[in-house]
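Notes to accompany the following structure.
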Ligand SMILES: [Zn+2]
């Protein structure tokens with residue numbers, strides 16, 4: 001995970017990570033702080049009272065092994081929190097602390113979000129615990145929170161305050177932070193739709209049994225078409241990340257290269273920092289040597305084999321559509337013509353089919369049924385090309401958001417049968 005940080009200076013890593021957190025409104029300009037611990041125990045930490053919108057690499061503060069400070073500013077006032085956690089957990093090398101809205105909501109009701117909402121969230125976040133209130137910036141806040149990390153916590157909700165996550169590096173701590181916030185937001189959205197469904201340990205295990213080991217083949221030098229598609233796929237993955245249709249740990253995107261091969265995103269590479277070289281070529285069900293493709297590869301492979309007109313596929317977890325995936329509320333596309341024409345009747349797939357039976361899943365997806373809700377696993381959309389699939393994903397998310405919002409102002413009045421027939425005759429050639 002987070003290989004992008006391997007050659008980055010700690011100052012740049014802190015800057016890039018804070019940029020992501022601030023840009024996605026997962027903290028305010030005054031709240032939140034990050035640190036990295038060096039091999040020898042020295043710490044790099046974000047400064048106190050510097051506007052997060054204009055933070056620079058030279059603003060980061062160095063705290064030596066004996067506590068000596070180097071930098072243009074004082075360190076974050078939460079330095080004791082970071083120091084106590086590192087003391088308690090020598091395995092941790094990166095810490096994120098912030099006040100993201102959904103986790104603040106949980107901290108204000110004194111609860112921890114249940115990560116058994118998605119098959120991957122529990123393994124990404126690890127153990128999530130709750131720490132009682134202490135004064136911000138105090139040593140007591142540090143020792144109390146560190147106690148929860150000693151108990152094996154990887155994410156700790158701070159009572160009436162926010163959250164702290166720790167990782168084997170800063171990228172790992174960030175992924176835990178972003179994934180826990182995503183779980184929290186989905187639970188909150190889902191509750192607006194009805195009862196939220198959580199997974200049993202057996203159901204989570206089902207996702208882990210999904211085969212990831214494909215036979216390998218030695219690839220030939222890439223064609224110009226392959227290079228072009230790698231670049232485009234990567235651009236759209238970044239766009240999906242920026243638009244919050246993907247998060248760093250969730251989302252798979254593939255594009256067909258020819259009748260026997262396609263390109264797909266890799267397993268466990270941060271979606272926000274993906275490079276064209278990371279993309280994996282799959283040919284006749286085999287994987288190019290030395291790479292690990294997304295765990296959705298078997299599903300995508302089956303869909304491409306069954307449906308020659310489908311040329312791009314996306315598994316994603318945009319927040320509003322995903323809220324429908326964790327409840328039994330119907331996602332009705334009969335809201336406006338654009339939604340109905342692009343999404344048609346949205347299919348709901350029972351949890352687990354995507355891991356157990358790729359061929360059966362492929363039967364549920366087609367150009368006439370181009371959008372699927374996968375229970376507790378987000379959505380799957382297809383398209384004739386990358387742009388069409390991406391557009392469909394955006395329309396799906398906008399439709400879901402409009403449906404969630406409409407609930408607070410009235411009851412959904414779907415488009416009439418006559419209006420739908422008109423669309424079918426004019427735009428859908430049925
Ligand atoms: Zn704080």
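The values are calculated or read from the model by the stated rules, or taken from the named source; none is laboratory data. Note that this is a predicted model, so its numbers are computed, not measured. So basically every Cβ, Gly included, is an ideal-geometry build from the backbone, and we count neighbours across all protein chains shown.
Any residue that is in contact (Cβ under 8 Å) with a residue 12 or more places away in the chain and under 19 Å from the mean Cα position of the chain (by Cα) - is there at least one of those in the range 142-155? There is at least one residue in the range 142-155 that is in contact (Cβ under 8 Å) with a residue 12 or more places away in the chain and under 19 Å from the mean Cα position of the chain (by Cα).
Which condition breaks for residue 314 when tested against (1) closer than 28 Å to residue 19 by Cα; (2) surrounded by fewer than 20 Cβ atoms within 10 Å (Cβ to Cβ); (3) in contact with a strand residue (DSSP E or B) (Cβ under 9 Å, 6 or more places away or on another chain)? For residue 314, the exception is condition (2).
Is it the case that some residue within the range 274-282 is closer than 27 Å to residue 364 by Cβ and at pLDDT below 95? Looking for residues that are closer than 27 Å to residue 364 by Cβ and at pLDDT below 95, one finds none in the range 274-282, hence no. Taking the criterion of being within 12 Å of the ligand (Cβ to nearest atom), buried (at least 19 other Cβ atoms within 10 Å of the Cβ) and in a loop (DSSP other than H, G, I, E, B), the residues of the range 73-109 that qualify are 76, 78, 100. So, residue 150, is that one within 17 Å of residue 90 (Cα to Cα) and more than 16 Å from the ligand (Cβ to nearest atom) or not? Answer is yes for this residue.
When residue 355 is tested against (1) in a helix (DSSP H, G or I); (2) at pLDDT 95 or above; (3) touching a helix residue (DSSP H, G or I) at 6+ places or on another chain (Cβ under 8 Å), exactly one condition is not met: (2).
For the range 328-337, the count of residues that are in a helix (DSSP H, G or I) and buried (at least 21 other Cβ atoms within 10 Å of the Cβ) is zero. Screening the range 170-247 for helices (runs of 4 or more DSSP H) wholly inside it with 3 or more residues that are under 30 Å from residue 86 (Cα atoms) returns the ranges 170-193.
Every residue, every condition in (1) touching a residue at least 40 places away in the same chain (Cβ under 8 Å); (2) surrounded by fewer than 19 Cβ atoms within 10 Å (Cβ to Cβ); (3) over 22 Å from residue 247 (Cβ atoms), yes or no:
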| residue | (1), (2), (3) |
| --- | --- |
| 17 | yes, no, no |
| 27 | yes, no, no |
| 32 | yes, no, no |
| 39 | no, yes, yes |
| 43 | yes, no, yes |
| 48 | no, yes, yes |
| 71 | no, yes, yes |
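Kindly indicate the residue of the range 20-42 that is at pLDDT below 95, more than 16 Å from the ligand (Cβ to nearest atom) and not in a loop (DSSP other than H, G, I, E, B) and also nearest to the chain's Cα centre (by Cα) among those meeting that condition. Across the range 20-42, the extreme among qualifying residues is 20. Against the test of being under 20 Å from residue 155 (Cα atoms), away from the ligand (no atom under 16 Å from the Cβ) and at pLDDT 95 or above, the options 69, 14 yield a single qualifying residue, 14. Checked across the range 51-62, the condition of being free of Cβ contacts under 8 Å to residues at least 24 places away in the same chain, part of a loop (DSSP other than H, G, I, E, B) and either away from the ligand (no atom under 16 Å from the Cβ) or more than 26 Å from the chain's Cα centre (by Cα) (or both) holds for at least one residue. If you check 183, 156, 163 for being within 16 Å of the ligand (Cβ to nearest atom) and within 29 Å of residue 274 (Cβ to Cβ), only one passes: 163.
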